[in-house]
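The structure appears right after this line, and notes come after that.
Laboratory data are not the source of any read-out in this text; all were calculated from the coordinates shown. Since the model is a prediction, treat every value here as computed from it, not as a measurement. In this analysis, Cβ positions are derived from the backbone assuming ideal geometry, glycine residues included, and neighbour counts consider all displayed protein chains.
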Amino acid sequence: MNKKILTKAEILTIETYNANADHWSTKNYHQTLWGSDFTLFSHYLPHGKVIDVGCGSGTNTQAFLSAGYDYIGIDASIKLIEKARKLYGDDLFQPQNIYELDFAPNSFDGFWAAAILLHIPKARIDTALDNLYAVLKPDGVGFISVKKGIGERVAIEDSAEGIVYTRLFSFFGPEEIKHLLTQHGFSILEFHEQPYSQTVTWLRIHVRKI
């Protein structure tokens, strides 16, 4: 498959975020979920040029700007990018998916990929990780969060406000994601499992490019 051709499940996911950009932006404009992870990230990379992959409407943008990072955010949802641009300006954001990172090799000191690889089909996770590796400088640092579990599925979920979200979710076991990351040239700096609800446990991983 051409890396720039999205699967049906990926298209459904992007269309869902485009259709519900207002609701999603209001619901997810917070720093609390990844606060401790950002603290660890800034410990391993106190400054530098960072790419926020799957930045959404700029959920984590202010944290990076306030900490003095040279920041750029990308997202496959143009509507979420539009929301981010209204808040922080056009120059900080680009509509791109993870298969078409339009940056030179070794462009970034760090990457932030919070809750984005969980929308990548498992058959394409190798390409996604290769692309993250390629744009990261040697010794660069990254953060990844995925949901613990097995397999993948397209889930149709109703929000409390009655908004319907149709999205692809890929799940990973702890040893599975560790193996994938080391296989693709990353060393594990930190690995944490965090139960979030009765049905969701986050795997939160900080890595370094070897």
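Observations
- Positive minus negative residues near S145 (Lys, Arg vs Asp, Glu; Cβ under 15 Å): -1
- Among A115, A123, A63: highest mean-square fluctuation, GNM of the chain, C-alpha pairs under 10 Å: A123
- Modelled FRET efficiency - R0 22 Å, S36 with T127, Cβ distances, 0.05 increments: 0.15
- Zero-based 5 Å bins, Cα pair distances in the chain, whole percents: 1, 7, 16, 21, 22, 19, 11, 3, 0, 0
- Between P95, P46, P121, the residue with the greatest mean-square fluctuation in the GNM of the chain (Cα pairs under 10 Å linked by springs) is P46.
- Choice from A19, A113, A67 with maximal GNM fluctuation in the chain (Cα, 10 Å cutoff): A67
- Taking every DSSP bridge with both residues inside the chain, close to 55 percent are antiparallel.
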